Amino acid sequence: MFSSGKDVLSRLTAGGYISELVTATTIYLASRLHKPILLEGPPGSGKTEIAYAVAKAMDAEVERLQCFEGINEEKAIGKFDEALQRLAVETFCRSGSVEWETVKKHLYSDAFFAAGPLLRAILSPRPCVLLIDELDKVGQAFEAMLLEVLSEWRLSIPKLGVVKAHTIPFVVLTSNEERRIGDALRRRTLYLRSDHPSPQREAVILRLRTPGHNEDFHREMAGLAKALRGWSLEKSPSISEMLDLAQAIELLGYEGITSEMRDTLLPLVAKTEADRSKLLLRDGWASLIYDAHQYSTEASEA
Ligand SMILES: Nc1ncnc2c1ncn2[C@@H]1O[C@H](COP(=O)(O)OP(=O)(O)O)[C@@H](O)[C@H]1O
Ligand SMILES: [Mg+2]
């Protein structure tokens, strides 16, 4: 159990996740108030990773429900194992004296139920982080189903009954904002924005993940990230793409970013034809490098 926001922050940092005190304090409060956190922001901004980082900090297991269009309750909660049920019926029949009421009761017990991530999370004997990832991909009916478990900490399962939580998991809901999450669910959460980091924080993340480079390089890359995001591209690069870029530069044996590297690095930076054309414009890349250099000073502040 966490003792304060500062405690959360230092444990996240020790585990390699670079956060801020406000975020860490929200995580602390969510863990004490038994509230889910809802993280909204662009892809690649560290939403999924935070669930794993919190789990590491709590020494907890992660149960992950990856959402997708058309996901149903069976996928989330689980379902009766029909093959096992059939096998049991055959065995009962062979054994002779069959008391059907007893058989039926037995067949619809938890022994024949293959639990999904939601059920596993609330029945976990150990501390658990329940990650419900990319919730914006599901429909309203599925969201409504989540309301019960996330506020009452129990699940009503047809033919099995009501299952109450053994442990209350730490719940992380994430959304890339492709669809708006309903207000009923929002009200039950503590809300966190997951935006692109400041150059200073990005430089620290880059340093952590690509320790082979020197600090000037990390600052330059953080400056480049800010410059690219200010370029009104169709698809601005996320932290994970900046990490790819840093690794690529390392592999190619370059020390920093120069104008000559444009064509080699373009596939890592521009992911649509429009963005590619924009960066191929005369002086486009050169002025980007210039901006990156200006912004890199922000990465060294503080
Ligand atoms: N605050 C952070 N500290 C350390 N690494 C981070 C941070 N944010 C993002 N990353 C890196 O970026 C990658 C992508 O993050 P991810 O959580 O998958 O993004 P999202 O779920 O928002 O799409 C992670 O694997 C991690 O390496
Ligand atoms: Mg994710």
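Observations
- Take the conditions (1) within 20 Å of the chain's Cα centre (by Cα); (2) without any contact (Cβ under 8 Å) to a residue 60 or more places away in the chain; Val171 misses just one of them, which is (2).
- Residue count for segment 122-160 satisfying the condition of being more than 18 Å from Asn72 (Cα to Cα) and away from ligand 2 (no atom under 16 Å from the Cβ): 10.
- Contacts under 8 angstrom Cβ, first residue in segment 280-293 being aliphatic (A, V, I, L, M), partner surrounded by fewer than 14 Cβ atoms within 10 Å (Cβ to Cβ), 6 or more apart: Ala286/Ser259; Ile289/Thr258; Ile289/Ser259
- Just one residue in the set Ile18, Ile50 is β-branched (Val, Ile, Thr) and in contact with a Pro (Cβ under 8 Å, 6 or more places away or on another chain); that residue is Ile18.
- Residue check for Phe92: surrounded by 12 or more Cβ atoms within 10 Å (Cβ to Cβ) and without any contact (Cβ under 8 Å) to a residue 24 or more places away in the chain: yes
- Single residue of Thr210, Thr167, Thr189 found to be among the polar types (S, T, N, Q), more than 16 Å from ligand 2 (Cβ to nearest atom) and surrounded by fewer than 16 Cβ atoms within 10 Å (Cβ to Cβ): Thr167
- Among the residues of segment 62-73, some residue qualifies, meaning at least one is assigned to a helix (DSSP H, G or I), out of contact with any His (no Cβ under 6 Å at 6 or more places or on another chain) and surrounded by fewer than 18 Cβ atoms within 10 Å (Cβ to Cβ).
- Flag if Arg186 is away from ligand 1 (no atom under 16 Å from the Cβ) and over 17 Å from Gly16 (Cα atoms): yes
- Boolean, Lys104 is basic (Lys, Arg) and more than 16 Å from ligand 1 (Cβ to nearest atom): yes
Every read-out reported here was derived from the displayed coordinates using simple, explicitly stated rules and does not represent laboratory data. Since the structure is predicted, the reported quantities are computational estimates derived from the model, not experimental observations. Here the Cβ is made from the backbone with ideal geometry for all residues, glycine too, and neighbour counts use every protein chain on show.
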